[in-house]
Amino acid sequence: MVKQAVKVFVRTRPTATSGSGLKLGPDGQSVSVNVPKDASAGPVNNQQEQFSFKFDGVLENVSQEAAYTSLAHEVVDSLMAGYNGTIFAYGQTGAGKTFTMSGGGTAYAHRGLIPRAIHHVFREVDMRADKMYRVHVSYLEIYNEQLYDLLGDTPGTSDALAVLEDANNSTYVRGLTLVPVRSEEEALAQFFLGEQGRTTAGHVLNAESSRSHTVFTIHVEMRTSDAASERAVLSKLNLVDLAGSERTKKTGVTGQTLKEAQFINRSLSFLEQTVNALSRKDAYVPFRQTKLTAVLRDALGGNCKTVMVANIWAEPSHSDETLSTLRFASRVRTLTTDLALNESNDPALLLRRYERQIKELKAELAM
Ligand code: ADP
Ligand code: MG
């Protein structure tokens, strides 16, 4: 096992106004933000307070391609070598989480990390003739503490869906459809299918914002093509687009949307508590308090290579949200995970191999 620091990058959404109150350091890693002092401090108040942070990188005005290079390239290479990965986007609504993970609009150049990771995976599959790969994708949504399967014959929620741990203490979602995909095109088709099913409701900050957390997962099964060897390696990459991290008060919501906001705040506040507990090295970590933290357990402290993208929208009016995102991000940066190769001599894998060999033999006999 290899100890890994969780990497944290900040990505800024381009702002319309100048003087956003955000200052980047010349090292490309530090950032400071000016926040007005509390309004209750006095009637005449233009005092500013400055907060500084350091991350693994600050991405300002970078293309989607450059963002992929910083955030995902290494994680996908390690996925193909048999290691788990998670990349998750955190930040207020409108800050660019979905733009980063999925992409913006239909322009090819605006493709996000998910379609680019799919492309990268199949490029590796095609290049490595010495290995045999099988790829599956799944798409999970967590909405109001319910798990939704966005793929398969019957997308939606069901009691069969549950977050569990396997024999190696790794988390997985029981009942979630894993769709086998043989090419980039097939994987992209599943991704777009799942995107259409995402639960969204209107919202004053951003009409298109998702009120849910989504996890697109690329599952890779790698075997040596040597017939005598029974070595199999299973790995997966979670690409996570979290719901907006803003506090409820600002958005003025009521009714159903308020209920959603409370669920979102609950899961994100448990995410915060989980990160704090891990950061303090507490004996008890509240992973099981919400579906979100249960799903992210490996990413935050288990067998996983993890990257966080803290998306910020550095308009002066959002400075409090920006500060709270940067504070959370710097706490996440204190976390470490234990990376290990997921070698398996799982009989189910071997059985599937024999089934395939029998099928191939039958096909040969029929010729
Ligand atoms: P979120 O998912 O965090 O709510 P979005 O990804 O939907 O935010 O982004 C909100 C809007 O800002 C979208 O119209 C998106 O295209 C735009 N946007 C966000 N980040 C960027 C960026 N880095 N470059 C260009 N446009 C961006
Ligand atoms: Mg979004």
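Remarks
- Residue pairs whose Cβ atoms lie under 8 Å apart, separated by 6 or more positions or on different chains, with the first residue in region 180-196 and within 14 Å of V125 (Cα to Cα) and the second small (G, A, S) and at pLDDT 95 or above, are V181/A187.
- Given (1) surrounded by 14 or more Cβ atoms within 10 Å (Cβ to Cβ); (2) within 16 Å of R13 (Cβ to Cβ), index of the condition A66 fails: (1)
- Qualifying residue in region 312-319 (condition: aromatic (F, W, Y) and either part of a helix (DSSP H, G or I) or modelled with pLDDT under 90 (or both)): no
- Search result, residues across region 178-193 that are farther than 19 Å from S235 by Cβ and either touching an Asp or Glu at 6+ places or on another chain (Cβ under 8 Å) or of a type in the set (F, W, Y) (or both): F192
- Within region 104-119, residues that are free of Cβ contacts under 8 Å to residues at least 60 places away in the same chain have Cβ atoms under 7 Å from residues that are of a type in the set (A, V, I, L, M) and within 14 Å of ligand 2 (Cβ to nearest atom) in these pairs: G112/M101, counting only partners at least 6 apart in sequence or on another chain.
- Some residue of region 327-340 being over 20 Å from the mean Cα position of the chain (by Cα) and in a helix (DSSP H, G or I): no
- From the options V125, V137, residue that is out of contact with any helix residue (DSSP H, G or I) (no Cβ under 6 Å at 6 or more places or on another chain) and either at pLDDT 85 or above or not in a loop (DSSP other than H, G, I, E, B) (or both): V125
- Residues of region 96-122 satisfying the condition of being at pLDDT 95 or above and in a loop (DSSP other than H, G, I, E, B): G96, S102, G112
- Looking only at region 119-159, and only at residues there that are over 20 Å from E186 (Cα atoms) and charged (D, E, K, R), the one that is nearest to the chain's Cα centre (by Cα): E141
- Test: residue in region 253-276 that is in a strand (DSSP E or B) and either crowded, with 18+ Cβ neighbours inside 10 Å or at pLDDT 70 or above (or both): no
- Which numbered condition G28 fails, given (1) at pLDDT below 95; (2) away from ligand 2 (no atom under 16 Å from the Cβ); (3) of a type in the set (G, A, S); (4) within 18 Å of the chain's Cα centre (by Cα): (4)
- Count of residues meeting criterion [within 29 Å of A340 (Cα to Cα), within 16 Å of ligand 1 (Cβ to nearest atom) and among the basic types (K, R)] in region 104-131: 1
- Contact annotation: residue pairs with Cβ atoms under 6 Å, 6 or more positions apart or on different chains, pairing a residue in region 76-103 that is under 26 Å from E343 (Cβ atoms) and polar (S, T, N, Q) with a partner that is more than 16 Å from ligand 2 (Cβ to nearest atom) and in a helix (DSSP H, G or I), are T86/A299.
- Those residues of region 55-103 which are polar (S, T, N, Q) and either within 16 Å of ligand 2 (Cβ to nearest atom) or in contact with a His (Cβ under 8 Å, 6 or more places away or on another chain) (or both), in sequence order: Q64, Q92, T93, T98, T100, S102
- Just one of the numbered conditions (1) of a type in the set (G, A, S); (2) away from ligand 2 (no atom under 16 Å from the Cβ); (3) at pLDDT 95 or above; (4) in contact with a helix residue (DSSP H, G or I) (Cβ under 7 Å, 6 or more places away or on another chain) is not true of G21: (3).
The values are calculated or read from the model by the stated rules, or taken from the named source; none is laboratory data. Since we're looking at a predicted model, the values are computed, not measured. For neighbour counting, all protein chains shown are included, and Cβ atoms are generated from backbone atoms with ideal geometry for every residue, glycine included.
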